[in-house]
Amino acid sequence: MRACTSGKSRDTSTSVKRMPKMRLYPGAPSAGPRTPRPAISPRGMAGIALLLITLPVTAMNPSDQSKPNTRLATLGGGCFWCLEAAYERYQGVKTVVSGYAGGATPHPTYKEVCSGTTGHAEVVQISFDPAIITYDQVLDIFWEIHDPTSLNRQGADRGTQYRSIILVHDAEQRQAAERSRDRVSRRLADPVVTEIVSLEIFHPAEDEHQDFYRRNPSYPYCVAVIDPKLKKLQKQLPATRTPPAPGG
């Protein structure tokens with residue numbers, strides 16, 4: 001189990017977890033007296049107005065030309081170091097931020113969340129390109145990287161802060177998460193205890209918890225817990241890109 005402290009120590013003996021003027025074209029005739037342009041009749045103006053009204057809406061709506069290519073997913077399944085290390089291995093995932101969500105205490109610290117009194121869970125917030133990796137695929141990784149049938153516990157990490165939870169950002173995500181959970185439930189012998197709730201506030205964790213596995217690959221918790229999880233995940237859902245270099 002990871003020791004809960006207010007800060008991370010890199011001493012492996014103390015703990016196991018821690019962006020002109022326009023020119024005429026050549027040969028153009030010299031400027032002479034301007035010929036008056038014919039005035040547009042009222043009937044002509046009406047025709048132009050009718051044409052504008054009947055244009056397709058998509059041609060007039062600039063927002064449709066630049067649809068966002070980044071979505072967010074917020075998930076908790078035990079230690080956030082584990083989830084962060086897993087998602088960094090897949091194409092389409094842009095960033096993974098460790099943090100806290102699902103509780104009531106404002107601006108929670110790691111030590112407070114570890115106490116189990118704030119109601120928060122350790123989670124990761126993933127920004128991803130849905131054209132490369134879909135939300136359903138993000139959930140597929142989630143089910144494989146943790147045990148969704150274990151209530152308030154993942155391995156030796158115990159407490160409500162380690163609960164299995166999906167924090168949805170909208171109604172579409174809720175429907176997708178419920179369908180995905182139902183599919184998983186049908187193939188597992190034990191009941192799935194994963195919560196599906198609306199995300200209210202996501203609190204990024206302290207800097208020492210970001211990119212922890214990549215920066216500390218030889219840390220005891222990383223070797224004993226995260227490495228085996230990643231090897232198992234690789235067999236089920238092979239990584240689609242080279243993982244970030246350790247210690248980079």
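The values are calculated or read from the model by the stated rules, or taken from the named source; none is laboratory data. What you see is a predicted model, and the numbers here were worked out from it, not measured in a lab. FYI the Cβ positions are ideal-geometry reconstructions off the backbone, even for glycines, and counts take in every protein chain you see.
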- strands (runs of 3 or more DSSP E) (entirely within the stretch 149-248) containing at least 3 residues that are farther than 23 Å from Thr109 by Cβ and in contact with a helix residue (DSSP H, G or I) (Cβ under 6 Å, 6 or more places away or on another chain): none
- Task: Scan (1) among the small types (Gly, Ala, Ser); (2) within 23 Å of Arg214 (Cβ to Cβ); (3) part of a loop (DSSP other than H, G, I, E, B) for the single condition Ala86 breaks and write down its number.
- Result: (3)
- Between a first residue in the stretch 104-126 that is under 18 Å from Thr74 (Cα atoms) and of a type in the set (Lys, Arg) and a second residue that is buried (at least 18 other Cβ atoms within 10 Å of the Cβ) and at pLDDT 95 or above, which pairs have beta carbons less than 8 Å apart while being 6 or more apart in sequence or on different chains? none
- Message: Against the condition closer than 29 Å to Thr70 by Cβ, surrounded by fewer than 21 Cβ atoms within 10 Å (Cβ to Cβ) and out of contact with any Pro (no Cβ under 7 Å at 6 or more places or on another chain), how does Thr109 come out, does it pass?
- Response: yes
- Note on the structure: Looking across the stretch 205-248 at residues that are modelled with pLDDT of 95 or more and among the β-branched types (Val, Ile, Thr), the single one that is nearest to Ile133 (Cα to Cα) is Ile226
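Could you tell me whether Ile145 is surrounded by 16 or more Cβ atoms within 10 Å (Cβ to Cβ) and in contact with a helix residue (DSSP H, G or I) (Cβ under 7 Å, 6 or more places away or on another chain)?
On the way: surrounded by 16 or more Cβ atoms within 10 Å (Cβ to Cβ): yes; in contact with a helix residue (DSSP H, G or I) (Cβ under 7 Å, 6 or more places away or on another chain): yes.
In short, yes.
Does at least one position in the stretch 98-108 carry a residue that is outside any strand (DSSP E or B) and under 11 Å from the mean Cα position of the chain (by Cα)? Can you show your working first?
Step one: filter the stretch 98-108 for residues outside any strand (DSSP E or B), giving 102-108.
Still in the list and also under 11 Å from the mean Cα position of the chain (by Cα): none.
Within the stretch 98-108, not a single residue is outside any strand (DSSP E or B) and under 11 Å from the mean Cα position of the chain (by Cα).
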- Please work out which residue is nearest to the chain's Cα centre (by Cα), limiting yourself to the stretch 123-138 and to residues that are assigned to a strand (DSSP E or B) and among the β-branched types (Val, Ile, Thr). Ile126
- Unique residue being hydrophobic (A, V, I, L, M, F, W, C), at pLDDT 95 or above and under 22 Å from Tyr213 (Cα atoms) when the list is Val93, Val168: Val93
- Item | Where Asp211 falls short, out of the listed (1) surrounded by 15 or more Cβ atoms within 10 Å (Cβ to Cβ); (2) touching a Lys or Arg at 6+ places or on another chain (Cβ under 7 Å) | (2)
